[in-house]
Amino acid sequence: MSSAISSAPVQKSPFFGVRVWRVAVKQAWGHLSPMTSAPAVIDEAAYEAMAQAELGAWRTRMLKGPSPLGLASKALQTQVNRIIPEKVHAAVTTVIEKMTRVILAGSDLTTAKPLAGESLSAREAAVRARIGAYRAAAAAEGGVAGAGGFALALAEFPTLIATKLKLLFEIAALYGHDGESLGERLYILSIFQLAFSGADHRRGVLEGMADWAGKTHPSSLDAVDWRAFQQEYRDYIDLAKMAQMIPLIGAPVGAVVNYRLLDKLGETAIEAYRMRWFAGRDTDARWRSPGR
């Protein structure tokens, strides 16, 4: 599905004019057809073995400490956060919390019924197709937002969060999970944090996602640490999104940044739902939290 973005006329204009952007978005989102079953891989056992190996490698990466570059970026972001007044942090936390709650409660996010009776390979073929379409659409949106300067880039912020969450709801359904349940919505928020958090916070989120089906989950979204949620997300995307506001390069930067953010979210979701898929079938300690 990634061919949608390459075939769109967006690349012919470095400034992503509004008409060009609308055409690109229409083309990209046109690929979001109703969920259908993908053809099954012939050797399903081999596919699941490959998926388990990829899951193990991914989990090892997620549990690693921050890289030198990551430490430097975190230190810079921490300094910036200290300069920002506390009342601003509180205000941003409130805005993101309310916005995310509204998005999660939106009926349009949970219209897809959980897909039943399909193999892992068939589900993941459909998931990757959906990720490709969302990547293309988000890239087009990021391009026009970058061309529009600060105001348009700021206005894109809630739209981008909504796009990411909508993708996660669709992926959940393709893996056979019901996004109407609060437990599933909390898992979706965990995937979001896992994709867009620093190494230290990410490890804690991953540990909290282990043995998900066997846990008792909170009865409301009030249990979410919204301050950490918004801080980690902002710290992760701030530097990249700031470059989107620079004249002349804002449009291509916005397109590339959005494309990569959706790509990372999609790949994180695949591994997160693989954990659920293999839970209960694998007694190996690799899929359990250390010390359990």
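The values are calculated or read from the model by the stated rules, or taken from the named source; none is laboratory data. In this text, all values refer to a predicted model and were calculated from it rather than measured experimentally. Please note: Cβ atoms are built from the backbone with ideal geometry, for glycine as well, and neighbour counts cover all protein chains shown.
Every residue, every condition in (1) among the basic types (Lys, Arg); (2) closer than 21 Å to Tyr259 by Cα; (3) modelled with pLDDT of 90 or more, yes or no:
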{"residue": "Ala147", "(1), (2), (3)": "no, yes, no"}
{"residue": "Ala153", "(1), (2), (3)": "no, yes, no"}
{"residue": "Ile161", "(1), (2), (3)": "no, yes, no"}
{"residue": "Ser181", "(1), (2), (3)": "no, no, no"}
{"residue": "Phe192", "(1), (2), (3)": "no, yes, yes"}
{"residue": "Leu206", "(1), (2), (3)": "no, no, yes"}
{"residue": "Ser219", "(1), (2), (3)": "no, no, no"}
{"residue": "Phe229", "(1), (2), (3)": "no, no, no"}
Do we find a residue being basic (Lys, Arg), modelled with pLDDT of 70 or more, out of contact with any Lys or Arg (no Cβ under 9 Å at 6 or more places or on another chain) and surrounded by 15 or more Cβ atoms within 10 Å (Cβ to Cβ) anywhere in region 125-133? yes
When you check Ala72 against the structure, is it modelled with pLDDT under 85, exposed (fewer than 14 other Cβ atoms within 10 Å of the Cβ), aliphatic (A, V, I, L, M) and more than 20 Å from Gln230 (Cβ to Cβ), yes or no? yes
Name every residue in region 75-118 that is at pLDDT below 75, exposed (fewer than 14 other Cβ atoms within 10 Å of the Cβ), assigned to a helix (DSSP H, G or I) and of a type outside the set (A, V, I, L, M, F, W, C), in order of residue number. Thr78, Gln79, Arg82, Glu86, Lys87, Ser107, Asp108
Take the residues in region 189-218 that are closer than 23 Å to Glu170 by Cα and polar (S, T, N, Q); name whichever of them is surrounded by the fewest Cβ atoms within 10 Å (Cβ to Cβ). Ser190
Gly143 being farther than 28 Å from Ala122 by Cα and either crowded, with 23+ Cβ neighbours inside 10 Å or at pLDDT 85 or above (or both): yes
